[in-house]
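This report refers to the structure that appears directly beneath it.
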Amino acid sequence: MAACSATVPDKNTSGDNLYEPRVTQEFIDWAWPAYKFKKTEWDEGFGWENVADTDLPLARILNSIWLLNYSAEDYTNEDYNSNALHWACRYVREQINELWARCGDGSAVATTFSDRIELYSLCFYTKDVSGRAETLVHEARHRGGKPHNAKFPAGSTFGAGKNGADANWDYEGAWMYGALYLWWFYADGRRTTTALREAAKQRGNVVIDNAFATHPGFTIV
Ligand SMILES: [Zn+2]
């Protein structure tokens, strides 16, 4: 039984049907400690007992971790001098301390605390596979010392005037890191589909248009 009441969106559109067969036991055995999953936070309905069930949070985030690690053409290159397709997987691994799943109260996609990152239903069930990867990159950037430092601009779909925005692109905050990842996934993501890349572009532009107090002045085209 699932822990959270959620409608599971179409798994072809979300990419879960494409990525799930790639998540082998060997991959899980590597990713589990690398991304600091805490077992007691992923069992009892979150997927630990049914790791291939993409109705459940664990399989859905494992799909995103696979995407995060294997979307660069030469994915063994994790150099920070390469583009984000290469280093984002490493950045998340280096920043994350514990990874927890929660249903959440519907107000946030995820939250970074001093001792853990919590992912919520909004992450698991409203975002596609690359969008969940964006969330991991975003939260990892908070761990890396970049809290949000501004209010959302007028007209923002994230809540105009509320705290939670980044001042600008050059702050290199969580929104910038997430958008940058989606941008590269759109531009050069491998082992995926044109439709998923297009969706990443759209999501990236939602972030660019709504999450910065001062608009970056460009969009992904
Ligand atoms: Zn944030």
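The values are calculated or read from the model by the stated rules, or taken from the named source; none is laboratory data. Just so you know, these numbers come straight off a predicted model, no measurement behind them. Cβ sites come from the backbone with ideal geometry, for glycine too, and all protein chains shown count toward neighbours.
Here are the numbers for this structure:
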item: Failed condition for Cys4, given (1) part of a loop (DSSP other than H, G, I, E, B); (2) farther than 24 Å from Gly178 by Cβ; result: (2)
item: Residue within the range 33-50 that is surrounded by fewer than 20 Cβ atoms within 10 Å (Cβ to Cβ), closer than 23 Å to Cys4 by Cβ and touching a helix residue (DSSP H, G or I) at 6+ places or on another chain (Cβ under 7 Å) present; result: yes
item: The listed residue being at pLDDT below 95 and over 30 Å from Gly173 (Cβ atoms), out of Glu44, Glu20, Glu26; result: Glu44
item: Residue check for Ser82: more than 16 Å from the ligand (Cβ to nearest atom), in contact with a Lys or Arg (Cβ under 8 Å, 6 or more places away or on another chain) and under 20 Å from Tyr181 (Cα atoms); result: no
item: Test: residue in the range 18-34 that is among the hydroxyl-bearing types (Ser, Thr, Tyr) and over 18 Å from the mean Cα position of the chain (by Cα); result: yes
item: Of the criteria (1) at pLDDT 95 or above; (2) over 23 Å from Asp170 (Cα atoms); (3) within 16 Å of the ligand (Cβ to nearest atom); (4) not aliphatic (A, V, I, L, M), which one Asp115 fails; result: (3)
item: Every pair of residues 6+ apart whose Cβ atoms lie under 7 Å, when the first sits in the range 29-50 and is of a type in the set (S, T, N, Q) while the second is surrounded by 15 or more Cβ atoms within 10 Å (Cβ to Cβ) and part of a loop (DSSP other than H, G, I, E, B); result: Asn50/Leu56
item: Condition check for Ile28: under 22 Å from Trp183 (Cβ atoms), among the aliphatic types (A, V, I, L, M) and buried (at least 17 other Cβ atoms within 10 Å of the Cβ); result: no
item: Failed item, numbered, when Asn12 is tested on (1) surrounded by fewer than 13 Cβ atoms within 10 Å (Cβ to Cβ); (2) modelled with pLDDT of 95 or more; (3) in contact with a helix residue (DSSP H, G or I) (Cβ under 9 Å, 6 or more places away or on another chain); (4) part of a loop (DSSP other than H, G, I, E, B); result: (4)
item: Selected residue (criterion: nearest to Asp10 (Cα to Cα)) from residues of the range 120-144 that are assigned to a loop (DSSP other than H, G, I, E, B) and within 13 Å of the ligand (Cβ to nearest atom); result: Tyr120
item: Subset of the range 188-221 (residues that are under 14 Å from Trp175 (Cα atoms), assigned to a loop (DSSP other than H, G, I, E, B) and under 18 Å from the mean Cα position of the chain (by Cα)); result: Ala211
